[in-house]
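**Q** The structure is given below, and queries will be raised subsequently.
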Amino acid sequence: MSVHGLTGYAGAVGTSIRSDQRSYFIQCNTDTMKLYDMIMHVMVDKGIINRPPNINAPNQVDFVSKQSFLTGWFGDRRPLDAIEVSGIYFNMQKTIAKIVLEIGFSQVAQSTEIRDYFKRGEKICDRQHDTLYGILNESNLPAPRKWETEVTNSTIPPFSDKLMLFHIVTLVTTASGYYGAAFAISQRRDLGLKYELLIADITRYAEDGANLLIKNGWMEQPPMFDDREKLAKQ
């Protein structure tokens, strides 16, 4: 969630014009960076951080000389580059976080409909994890560990269905954006196609979650601009 905060507050700074708003979001971003740094220190000290694959440092600067660098649908695929692995690994870690949350939330949700939604999301995220794992495995690279065994057997809800659903919808909605960012930096064509399928899959699931929020009267509507067509008919 602190990673989402860093992204969201940085975007808010870049889209704010009023000086008091910019100051506020800059302070929020500063506080979130400190929080993220604290979390990372704790995870490293406890030895529970998932470290991305090591890469051998190049001895010289290389330039792409053949169009085959971009291929990936047919024939031999080149190994993944460092930028592509960073996108895959980061998205895998986010997917793993969604899996454990959906497992835990499905155990404690009071509404059968919302419980089924969480269980469906766990299956979708598990499938997406396998897709990303297959890409790393093909290049003989390790994947981050999964955390399902850390979920307890409690069935007592610590949060309301409303809050749990909001968290899951927020996570899966932002996931499509992070997939898109990884898509943009991937130069192997087969990776682009896989990201397109992942985005389509998670976007449908996020829309169903938004419909559940609307159905239960839990989605707050943001301020709307005037409907000029409607005003012109009055």
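The values are calculated or read from the model by the stated rules, or taken from the named source; none is laboratory data. For clarity, every value in this text was computed on a predicted model and none was experimentally measured. Cβ placement follows ideal geometry from the backbone for every residue including glycine, while neighbour counts extend to all protein chains displayed.
**Q** Mind listing whichever residues of region 15-28 are more than 25 Å from residue 93 (Cβ to Cβ) and not acidic (Asp, Glu)?
**A** Those that are more than 25 Å from residue 93 (Cβ to Cβ) and not acidic (Asp, Glu): 15, 16, 17, 18, 19, 21, 22, 23, 24, 25, 26, 27.
**Q** Residue 112 is checked against (1) closer than 23 Å to residue 158 by Cβ; (2) within 14 Å of the chain's Cα centre (by Cα) and fails just one. What number does that condition carry?
**A** All conditions pass for residue 112, except number (2).
**Q** Which of (1) of a type in the set (D, E, K, R); (2) over 20 Å from residue 166 (Cα atoms); (3) modelled with pLDDT of 95 or more does residue 81 not meet, given it meets every other one?
**A** (3)
**Q** Can you tell me which residue is surrounded by the fewest Cβ atoms within 10 Å (Cβ to Cβ) among those in region 91-109 that are of a type in the set (A, V, I, L, M, F, W, C) and under 14 Å from the mean Cα position of the chain (by Cα)?
**A** 97
**Q** Return the pairs, sorted by first residue and then second, in which the second residue is charged (D, E, K, R) and surrounded by 11 or more Cβ atoms within 10 Å (Cβ to Cβ), the first residue lies in region 26-53 and is in contact (Cβ under 8 Å) with a residue 60 or more places away in the chain, the beta carbons are less than 6 Å apart, and the residues are 6+ apart or on different chains.
**A** Once the first residue is in contact (Cβ under 8 Å) with a residue 60 or more places away in the chain and sits in region 26-53, no partner that is charged (D, E, K, R) and surrounded by 11 or more Cβ atoms within 10 Å (Cβ to Cβ) comes close enough.
**Q** Would you mind finding the one in 69, 90 that is over 24 Å from residue 163 (Cβ atoms), at pLDDT below 90 and part of a helix (DSSP H, G or I)?
**A** 69
**Q** Of all the residues that make up region 102-114, how many are touching a helix residue (DSSP H, G or I) at 6+ places or on another chain (Cβ under 7 Å), of a type in the set (A, V, I, L, M, F, W, C) and without any contact (Cβ under 8 Å) to a residue 60 or more places away in the chain?
**A** 2
**Q** Test residue 61 against the stated conditions and say whether it is modelled with pLDDT of 85 or more and either assigned by TED's automatic domain parsing to the domain that holds residue 160 or loosely packed, with under 15 Cβ neighbours inside 10 Å (or both). It would help to see each step written out before you state the result.
**A** Values: modelled with pLDDT of 85 or more: no; either assigned by TED's automatic domain parsing to the domain that holds residue 160 or loosely packed, with under 15 Cβ neighbours inside 10 Å (or both): yes.
Judged against the criteria, residue 61 is not a match.
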